[in-house]
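Single-structure report; data block below.
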């Protein structure tokens, strides 16, 4: 497993994004968990907006998240950058966090082959 820690600022507070590689969901994708900490200033957060950029392209919204983590399915070999913003109960969005460092999923080396049979 590969763990990457990324740091952001959103709503004036420190957020951390962790991308934790898991077993491949398919041959060319992996599931990773994005997580962050809640801001300590401003109005209480009702939910977060999570966005990712793929291979330097524009940010696209992945989803609206009520908790502090979200599982993403990412393509192996593409490079991703993530950011989050908090939204309060009055639907006011705070500033975007700092962007994560680029992350390129890798499924790792081949697994162990079966035991050879000598005949």
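Nothing in this text is a laboratory measurement; each read-out follows from the coordinates by a stated rule. Bear in mind the structure is a predicted one, so any value in this text is a computation, not a measurement. When we count neighbours, we look across all protein chains shown, and the Cβ atoms used for this are built from the backbone with ideal geometry, even at glycine.
Rounded to the nearest 0.05, what FRET efficiency do residue 93 and residue 28 give with R0 = 41 Å and r taken as the Cβ-Cβ distance? Could you check?
Given R0 = 41 Å and the Cβ-Cβ separation, E is 0.75.
In what sequence, highest mean first, do 93-100, 59-66 appear when ranked by Cβ atoms within 10 angstrom?
93-100, 59-66
Taking the simple approach of a point 7 Å from Cα along Cα-to-Cβ for both residue 78 and residue 106, what is their distance in nm?
The answer from the label model is 2.0 nm.
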